[in-house]
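These notes are about the structure you will find just below.
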């Protein structure tokens, strides 16, 4: 009879601890990346097979996906499918599904909840801090060529193309003017060219020639000049008039006094400041700069575990893994790892209806265990009364 007290009491303890689990799930139903927990019981038996009640055996996590909510924040990231973000903190490697991140002043991507640095996977497959400090500006690209197209009328005297924008090696934008003078009276098909900078200084003079069919002569179809920068450097740029026999670019046929020759710069970029960034589905980050250039930066390191129950909760929605034998680290979309949903976060996977159902079962179990204690107490009280009556 005394054993029934302990058996009933074990039920009270177990159900009350299970209620703690349910209440914690409900309290965290709005916590991003939170994984719901389930309590499992085991029976206590003596050596003779008699039952001695129950106790909690383990607390297991639910690793099903939670709903994804769009936030509009560029550094909020959610995982569609399996996997975890990898965090680096105090020489420890941690894992989370709660992608509430932000960049610090050093360009490191930081987990807001734990303070750990989000990890990237480098080209050698090594886990390194996710850092964008080297991507704050876009390096300039110097112009190398100016393409000329249209007709330089052999019946005309002169032609000018003003304010042609070119970029020097420092990323500085400069404007040059191209002036053409008909020199056919001296040499058939010849035009003299003066290249003037924006201060009006002639920085190059030369000659181009056209064949009898009006297409450029290959021996005189280009002209190279040096474009100065503010540090005294020189950037060579070539005027390209086209090829002999080809009417695709510049020509020189009689068009009266009107020439249609135009210049277009084929390359060159000014130094660009970072104007926007966005995470892609594979975990890479794409940068957009004020000069129109787009560059792909580092990729997030992602982890997947064959045995997710081996993970141990550190705090909030952050886990650690003492056993990494079942761990795979790769980028999103590889090795069975899910893809990245940008400007979104994954909510808790707690199902409120399930928690309410579990709570009712716990309540009934707790009531039944308390009834066992009450019944055992009444029987024991009856035994004492009979003893006093004798």
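Summary of values
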{"read-out": "Number of the exception - residue 294 against (1) within 23 Å of residue 32 (Cβ to Cβ); (2) within 19 Å of the chain's Cα centre (by Cα); (3) at pLDDT below 95", "value": "(1)"}
{"read-out": "Residue in the range 349-362 that is assigned to a loop (DSSP other than H, G, I, E, B), at pLDDT below 95 and under 30 Å from residue 285 (Cβ atoms) present", "value": "yes"}
{"read-out": "Verdict on residue 63 being modelled with pLDDT of 75 or more and farther than 20 Å from residue 315 by Cβ", "value": "no"}
{"read-out": "Condition broken by residue 94, with the remaining ones in (1) at pLDDT below 90; (2) surrounded by 14 or more Cβ atoms within 10 Å (Cβ to Cβ); (3) outside any loop (DSSP other than H, G, I, E, B) satisfied", "value": "(1)"}
{"read-out": "Residue check, residue 165 touching a residue at least 24 places away in the same chain (Cβ under 8 Å), closer than 18 Å to residue 262 by Cβ and within 44 Å of the chain's Cα centre (by Cα)", "value": "yes"}
{"read-out": "Residue among 166, 193, 128, 176 that is exposed (fewer than 15 other Cβ atoms within 10 Å of the Cβ) and either touching a helix residue (DSSP H, G or I) at 6+ places or on another chain (Cβ under 6 Å) or assigned to a strand (DSSP E or B) (or both)", "value": "128"}
{"read-out": "Check on residue 219, without any contact (Cβ under 8 Å) to a residue 60 or more places away in the chain, surrounded by fewer than 13 Cβ atoms within 10 Å (Cβ to Cβ) and not in a loop (DSSP other than H, G, I, E, B)", "value": "yes"}
{"read-out": "Residues that are at negative phi, assigned to a loop (DSSP other than H, G, I, E, B) and within 23 Å of the chain's Cα centre (by Cα), drawn from the range 312-348", "value": "317, 331, 332, 334, 337, 338, 347, 348"}
{"read-out": "Test: residue in the range 229-238 that is more than 30 Å from residue 330 (Cα to Cα), crowded, with 17+ Cβ neighbours inside 10 Å and either in the same structural domain as residue 101 (by TED's automatic domain parsing) or in contact with a helix residue (DSSP H, G or I) (Cβ under 9 Å, 6 or more places away or on another chain) (or both)", "value": "no"}
{"read-out": "Evaluation of residue 185 against (1) part of a strand (DSSP E or B); (2) out of contact with any strand residue (DSSP E or B) (no Cβ under 9 Å at 6 or more places or on another chain) (one fails), failing number", "value": "(1)"}
{"read-out": "Tally of residues being assigned to a strand (DSSP E or B) and modelled with pLDDT under 95 across the range 131-156", "value": "3"}
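The values are calculated or read from the model by the stated rules, or taken from the named source; none is laboratory data. What you see is a predicted model, and the numbers here were worked out from it, not measured in a lab. Cβ coordinates were reconstructed from backbone atoms using ideal geometry, including for glycine residues, and neighbour counts include every protein chain displayed.
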